[in-house]
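Read the structure below first, then the notes.
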Amino acid sequence: MIKRLPYLFLLTLVWLMCPLLASAQFNIDFGYVAPGTGVQKCQSLQLNESVAYPYFFSGSTSFNYFSVQWPTSLPAGPTAETTVCASFFAVPTESGGQGGGLSAAYESATDAMTSINVNFSAIIGTAPTPFLGAVNPKYIVVGVEYAPPGADSSVSYTQDTSFGNNSTSSSSFTTAYTATQTLSGKAGLFGWLSGKATTTQSETYQQETSSSTTIAVTQTISNKNSLNGALDPVNGVNHNYDLIYVWLNPVATYTLTTNVSGAPTSVTFSGFGYDLTDPTQPNDLDVEAIPLGCINGYFTATGNTAWETTCSTTIASRYARTWALTNTDGTGPGLNATDLANIADADPFNTPGYVPTLPIGSYTTTDGRFMECDNPECSLGINFIPGSSDTYSQGYSTTTTITNSYTTTTSYSIAQTLTSQAFWGSFTLALENQYKVTWTYGTSTQVTETSGQVAGFTIVGPPAGYSGPGTFTILQDNYWGTFAFYSY
């Protein structure tokens with residue numbers, strides 16, 4: 001007696017006996033679909049079939065609220081492309097995420113077989129509207145200026161010099177959320193009041209796109225920064241007089257996209273603003289420069305009472321930020337010892353024994369922080385000998401992008417409005433630490449690669465009897481767009 005072979009076995013046997021080629025995989029996301037409505041999407045795909053004969057439709061699976069308009073035939077050849085159109089209907093009694101798939105089989109005249117698989121996903125419901133919110137970090141570092149050798153020497157960054165920073169807060173957020181930025185090109189910085197943007201615009205700083213996640217804050221042509229040096233009889237340069245520029249009234253704006261339950265799905269950094277509540281600079285950025293020696297205790301240790309008094313005044317008044325709100329973690333608005341230590345680290349010379357090492361044959365230091373001159377628009381070094389007085393016009397070199405970076409983690413506050421409370425509820429869900437925002441500073445083409453930018457140095461030699469270095473290499477800081485002086 002002849003036994004019947006199982007149907008599944010026979011179907012498998014047919015497929016094994018016929019030339020079986022790779023199937024085409026379509027993935028269609030309908031996004032949000034309102035209940036009781038339908039939507040159609042089409043997608044094209046190269047089939048990558050190695051044979052040169054066409055296939056004809058032979059059958060398909062079905063789904064109750066998802067359908068596909070299957071091609072009646074598939075074109076021939078390895079570069080052939082086909083288009084599939086799929087429709088999804090949002091059943092009124094359903095809600096939330098939906099998904100599934102359909103497939104269709106195709107057979108050629110020579111019994112070769114292939115298939116098309118179409119997977120779909122959709123969310124039944126009304127898409128949440130992205131909303132804008134703002135947080136107020138305690139501070140942002142916007143620059144470091146390095147003291148030149150000699151008490152009578154000076155450096156200046158003015159006119160079209162892009163003194164500034166390049167920063168991102170993307171590392172503040174968990175990897176479950178997409179963190180990007182949306183600023184395009186250059187834009188102004190506007191004041192914020194009571195959680196809302198105003199039309200008041202900064203006259204001293206601007207912001208500009210640097211990458212998909214970073215924004216550079218740079219000074220405008222009307223702003224000027226300058227710094228005098230201090231004589232070190234042994235080393236020539238005293239980095240305790242380096243100035244670190246701290247922005248005390250920053251506002252960071254974000255756009256959140258959430259799902260139907262209010263949980264964030266993406267976080268977009270929309271750019272900076274500044275808090276108009278600050279009475280020190282009521283219509284602009286409040287940027288206060290502090291010498292490195294104020295933070296690390298150098299002026300106190302050396303008995304420099306004049307600078308010590310200035311440091312105490314700055315830290316006690318400006319850095320107290322008494323006008324600002326209490327932070328979301330319950331701490332006060334003023335900068336504390338941890339904040340000051342982090343600020344000091346913006347200057348690499350705060351690290352004892354730091355050496356900006358230049359490998360043989362390279363213009364960039366091993367840590368990527370500095371570059372020496374690599375073009376005719378800048379000088380490799382300066383002379384510093386008794387009786388000398390020279391003026392230098394220093395252009396910029398092309399920055400090499402590096403992975404090293406400088407980071408600060410700060411508390412933040414939020415102006416309490418109904419909108420900001422809703423924003424904060426979703427914003428904190430996306431943060432690694434719901435009470436902290438981490439800012440990462442790195443190399444910036446906006447700070448260092450604009451043709452024609454120059455900085456000015458006036459180098460006045462030391463008094464007679466000076467026994468320190470007589471020449472210094474000029475090093476461009478790839479983070480801040482300023483120049484340091486180092487004797488090798």
If you scan segment 40-85, which residues turn out to be touching a residue at least 60 places away in the same chain (Cβ under 8 Å) and closer than 26 Å to Pro128 by Cβ? none
Among the residues of segment 102-122, are any on the phi > 0 side of the Ramachandran plot and among the small types (Gly, Ala, Ser)? no
Scanning segment 150-207 residue by residue, the ones that are at pLDDT below 80, of a type in the set (D, E, K, R) and not in a loop (DSSP other than H, G, I, E, B) total 1
Restricted to segment 271-296, and to residues that are surrounded by fewer than 19 Cβ atoms within 10 Å (Cβ to Cβ) and over 15 Å from Thr204 (Cβ atoms), which residue is nearest to the chain's Cα centre (by Cα)? Thr277
Residue ID - modelled with the lowest pLDDT, chosen from residues in segment 444-461 that are closer than 19 Å to Val155 by Cα and touching a strand residue (DSSP E or B) at 6+ places or on another chain (Cβ under 6 Å): Val447
Close pairs (7 angstrom Cβ cut-off, 6 or more residues apart or separate chains): at positive phi in segment 452-480, modelled with pLDDT under 90 anywhere: Gly452/Asp160
Among the residues in segment 297-312, are any surrounded by fewer than 18 Cβ atoms within 10 Å (Cβ to Cβ) and among the charged types (D, E, K, R)? no
Selection from segment 261-296 of residues that are of a type outside the set (Val, Ile, Thr), over 16 Å from Asn225 (Cβ atoms) and touching a strand residue (DSSP E or B) at 6+ places or on another chain (Cβ under 8 Å): Pro264, Ser266, Phe269, Ser270, Gly271, Phe272, Gly273, Tyr274, Asp275, Leu276, Asn283
Taking segment 276-324 and keeping only residues that are touching a Phe, Trp or Tyr at 6+ places or on another chain (Cβ under 6 Å) and among the charged types (D, E, K, R), one is left with Asp278, Glu308
Selected residue (criterion: farthest from the chain's Cα centre (by Cα)) from residues of segment 62-87 that are over 13 Å from Leu102 (Cβ atoms) and in a loop (DSSP other than H, G, I, E, B): Thr72
Answer residue from segment 353-365, given it is β-branched (Val, Ile, Thr) and under 19 Å from His239 (Cβ atoms) and is modelled with the lowest pLDDT among those: Thr365
Determine if segment 348-357 includes at least one residue that is outside the structural domain of Pro137 (by TED's automatic domain parsing) and among the aliphatic types (A, V, I, L, M). yes
Per the filter on segment 290-322, residues touching a residue at least 24 places away in the same chain (Cβ under 8 Å) and in contact with a helix residue (DSSP H, G or I) (Cβ under 9 Å, 6 or more places away or on another chain) are Ile290, Pro291, Leu292, Gly293, Ile295, Asn296, Tyr298, Phe299, Thr314, Ile315, Tyr319
Pick from segment 39-71 the residues that are among the β-branched types (Val, Ile, Thr) and modelled with pLDDT under 90: which of them is farthest from Glu107 (Cα to Cα)? Thr61
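The values are calculated or read from the model by the stated rules, or taken from the named source; none is laboratory data. Values in this document were obtained by computation on a predicted structure and should not be read as measured data. With ideal geometry, Cβ positions are generated from the backbone for all residues, glycine too; neighbour counts draw on all protein chains shown.
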